[in-house]
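Colleague: One structure, as structure tokens, below. Some questions next.
The values are calculated or read from the model by the stated rules, or taken from the named source; none is laboratory data. Model, not experiment: these values are computed from the prediction. Glycine also receives a Cβ, built like all others from the backbone with ideal geometry; neighbour counts cover every protein chain displayed. Remember, those area values only see protein heavy atoms, side chains included, never the ligands or the DNA or RNA. Shrake-Rupley method; radii C 1.70, N 1.55, O 1.52, S 1.80 Å.
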Amino acid sequence: QVQLVESGGGLVQAGGSLRLSCAASGRIFRFATMGWYRQAPGKQRELVARITSGGSINYGDSAKDRFTISRDNAKNTVSLQMNSLKPEDTAVYFCNAVSGIDYWGQGTQVTVSS
């Protein structure tokens, strides 16, 4: 059984920063591609950033130059450092693990006030 637990969401003013963390249980972590997705009200879920087991990184257009994804295989965690936040970054952020099967966390709310 794989469990993903997100933390670090909250309310921040525009221009501020937040750091999201995802703790993964189970033995798949070191082999899995880990990612962050987000879903705003009325919109489809979209990729924010993902990192493979080998460290290759992809960012969604909204995250480029502002967000940084990282992983710690020793601690089974993946983090997302978000800087220069904008009101349009307001969404529920989900942690994702892919290792043959997609696993999702329950999500953490990020709200950016103007």
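Colleague: Read through the list (1) at pLDDT 95 or above; (2) open to solvent by 30 Å² or more (accessible area, probe 1.4 Å), then give the number of the only condition that Cys95 fails.
Modeller: Unmet for Cys95, out of (1) at pLDDT 95 or above; (2) open to solvent by 30 Å² or more (accessible area, probe 1.4 Å): (2).
Colleague: Next question, about the same structure. Of all residues being small (Gly, Ala, Ser) and in a strand (DSSP E or B) in segment 56-114, which is farthest from Gln44 (Cα to Cα)? Just the residue, please.
Modeller: The qualifying residue farthest from Gln44 (Cα to Cα) is Ser70.
Colleague: For segment 60-78: of the residues being closer than 18 Å to Ser17 by Cβ and of a type in the set (A, V, I, L, M), which is surrounded by the most Cβ atoms within 10 Å (Cβ to Cβ)?
Modeller: Val78
Colleague: Taking into account only those residues within segment 79-92 that are open to solvent by less than 10 Å² (accessible area, probe 1.4 Å) and in contact with a Leu (Cβ under 8 Å, 6 or more places away or on another chain), which is nearest to Cys22 (Cα to Cα)?
Modeller: Among those that are open to solvent by less than 10 Å² (accessible area, probe 1.4 Å) and in contact with a Leu (Cβ under 8 Å, 6 or more places away or on another chain), it is Leu80.
Colleague: Quick check on Ile57: is it within 15 Å of Gly26 (Cα to Cα) and surrounded by fewer than 20 Cβ atoms within 10 Å (Cβ to Cβ)?
Modeller: no
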